[in-house]
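Below is one structure, written out as structure tokens; the observations come after it.
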Amino acid sequence: MARNGRITLLPGIILLLLRTLQLDIVYSAQVEESCPTMSVSSTMTQTELLQELTNECRYDKMVRPPGEVNASDPVKVLSRAYIYTIKSNMARTLQFDVQMMLQFRYLDPRLKFSDIAPNHSQIFGGQVAHDLIWTPMVYVANERSSVIMGNGVKDLLISIDPSGMVILNTRLETSLNCGLRLEKFPFDVQECPLSFESWTYNIHDMQLDWDETPIILADELHLTEYSLVSSWVNKSEVSYTVAQQHYGHFAGNFSSISITFKLSREMGFFMMDYYIPSILIVVISWVSFWLHMDACPPRVLLGTNTILAFMTLASKVENSLPKVSYIKASEIWFLGCTLFLFSAMVEFAFVNTIYRRKKNVPLKKVNSKYILKSTLTPRLARKQFQKNTTGLERSRSWSSLDNSNATETDYTSQNYLTVHSFPSTINIPSVKVEEEKEQDSVGSIITVDSTPPPPAKSFSRRPTLAKLHNFTTMTPQEISQWIDKRSRIVFPVAFLIFNILYWSFIWI
């Protein structure tokens, strides 16, 4: 029975072994079928060749390509930029727009097909090819709305050569932030960067660098508000975090490359629409100096209109600029022109006030110093004039006593003070006190005469003093005309000096 039992179990064991062997053969056949050997025919298309190279069994697009020397080395991605257009609207938005084609070049040995498809020289593709292969994930760091290039981009072209060198071309239109320095606006020169950074891989996995001839400018490149002075490239590393234990692959330094555009603002618009009109407005305000001193309506209308016109012109330019805390060159020009326009109005008010005076102004000399001093402080000038003339009279005019012809009535009317205790043979000077006839005189003027006054002719002091001490007088109308004539020269010369200083500051 036992022997018969052993004979009965033997076929079952053999059957189990055969089934196991069959399963292994089937599994091996399935594996063989899921990753077949690459067999390329001469009639295979580029798409079929790329699909064969990127089969899931031998190509993982989530894994970066190995390094050129060692597999652990970072993959090097070389870049080049072709600039089509630069549009600048930086004065208001602190941004500028760039239209460009960006090219990345790197080696992926897994896509090498020179051995299996010698008849194919290149593989070209667009979005479909991009979905099959690994591509570097790079973004624009200083873009207003960042987009990872290659994702959701219409203009995309990929080229693969037989050695596995991949060239990724993408057209890009981006608005970039640029921190402006407007101290010399509108004659400023700005340096605005265009920065690219690695998004997924740090410097241990991928390094960005510039290719030979990194920047190519289009021949028809033209800027409206700025002119491109120069451009240069730079390479750097950006560190975001050092907490390797928390962020792992996304910690450390990331590779970054940048293009810096040096832009100089075109000043033709501002010269024709701001500076030349403002110069003409200031010059027109000087016409007031040729009008009559008492012509109030035309001079007031001319002054107010020039100020309002300049304010409107300046506000048009200033409203297009961002609000900054420092003083710009345009504001210095605005303050200078406003000061000249306001000074012309003040000059008219000053001249018209003097013109309406009724009393003459005594002057020691006819020059700018004494005219302005006497005009600005007329009462003080009269006091000083009276003080000087009184002292000179005291030193130069003495009179003798005339006791025989003098009467008490004469003393009262002439205001003589006579000392009677001296002998008649001794000549003692008499002191004469004469009241000032003008309304604004202060006190009396005391003079000492050495000769008796003429009996029949009244004494006139003012002409004698002016002639004796070289004093003269000017009417208010003459002073007003004198100020207008000097203003015709002083204002243009001062404005010319202001322009020399201003433009020297601009070009230094």
Breaking point among (1) of a type outside the set (Val, Ile, Thr); (2) within 44 Å of the chain's Cα centre (by Cα); (3) at pLDDT 85 or above, for Gly152:
(3)
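Residues are listed down the side, and each one gets a yes or a no for (1) modelled with pLDDT under 75; (2) in a loop (DSSP other than H, G, I, E, B); (3) open to solvent by 100 Å² or more (accessible area, probe 1.4 Å):
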{"residue": "Ile7", "(1), (2), (3)": "yes, no, yes"}
{"residue": "Gly12", "(1), (2), (3)": "yes, no, no"}
{"residue": "Ile25", "(1), (2), (3)": "yes, no, yes"}
{"residue": "Leu50", "(1), (2), (3)": "no, no, no"}
{"residue": "Glu56", "(1), (2), (3)": "no, yes, yes"}
{"residue": "Lys61", "(1), (2), (3)": "no, yes, no"}
{"residue": "Pro66", "(1), (2), (3)": "no, yes, no"}
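Listed here are the residues, each with its yes/no results for (1) in a strand (DSSP E or B); (2) surrounded by 15 or more Cβ atoms within 10 Å (Cβ to Cβ); (3) at pLDDT 55 or above; (4) of a type in the set (A, V, I, L, M, F, W, C).
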| residue | (1), (2), (3), (4) |
| --- | --- |
| Lys316 | no, no, yes, no |
| Leu335 | no, no, yes, yes |
| Val346 | no, no, yes, yes |
| Asn352 | no, yes, yes, no |
| Arg357 | no, yes, yes, no |
| Pro362 | yes, yes, yes, no |
| Lys373 | no, yes, yes, no |
| Asn405 | no, no, no, no |
Just to be sure I understand the filter: pairs with C-beta atoms under 9 Å, separated by 6 or more residues or on different chains, first member in the stretch 485-508 and open to solvent by less than 70 Å² (accessible area, probe 1.4 Å), second member among the charged types (D, E, K, R). Which pairs pass?
Ser487/Glu347; Phe491/Glu347; Ile506/Lys184
Going through the stretch 68-100 one residue at a time, which ones are under 47 Å from the mean Cα position of the chain (by Cα) and within 22 Å of Thr200 (Cα to Cα)?
Asp73, Pro74, Val75, Lys76, Val77, Leu78, Ser79, Arg80, Ala81
For the stretch 80-129 the number of residues that are assigned to a strand (DSSP E or B) and open to solvent by 10 Å² or more (accessible area, probe 1.4 Å) is 15
Output the residues belonging to the stretch 176-228 that are of a type in the set (D, E, K, R), out of contact with any helix residue (DSSP H, G or I) (no Cβ under 8 Å at 6 or more places or on another chain), surrounded by fewer than 16 Cβ atoms within 10 Å (Cβ to Cβ) and more than 21 Å from Gln103 (Cβ to Cβ).
Arg181
Name the pairs: first residue in the stretch 289-301 and open to solvent by less than 60 Å² (accessible area, probe 1.4 Å), second residue at pLDDT 90 or above and among the acidic types (Asp, Glu), Cβ to Cβ under 8 Å, at least 6 apart or on different chains?
Phe289/Glu347; Phe289/Asp484; Met293/Asp484
Residues Glu173, Glu143: which one is among the acidic types (Asp, Glu), open to solvent by 50 Å² or more (accessible area, probe 1.4 Å) and under 29 Å from the mean Cα position of the chain (by Cα)?
Glu173
Tally time: how many residues in the stretch 318-333 are of a type outside the set (Gly, Ala, Ser), part of a loop (DSSP other than H, G, I, E, B) and touching a residue at least 60 places away in the same chain (Cβ under 8 Å)?
6
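Only strands (runs of 3 or more DSSP E) wholly contained in the stretch 151-235 count here; list those with 1 or more residues that are among the basic types (Lys, Arg). Break it down into steps so the answer makes sense when it comes.
Numbers: elements: 156-160, 165-177, 189-198, 206-217.
The qualifying strands (runs of 3 or more DSSP E) are 165-177.
The values are calculated or read from the model by the stated rules, or taken from the named source; none is laboratory data. What you see is a predicted model, and the numbers here were worked out from it, not measured in a lab. Note that each Cβ is placed from the backbone with ideal geometry, even for glycine, and that neighbours are counted across all protein chains shown. For accessibility, only protein heavy atoms count, side chains too; no ligands or nucleic acids. Shrake-Rupley method; radii C 1.70, N 1.55, O 1.52, S 1.80 Å.
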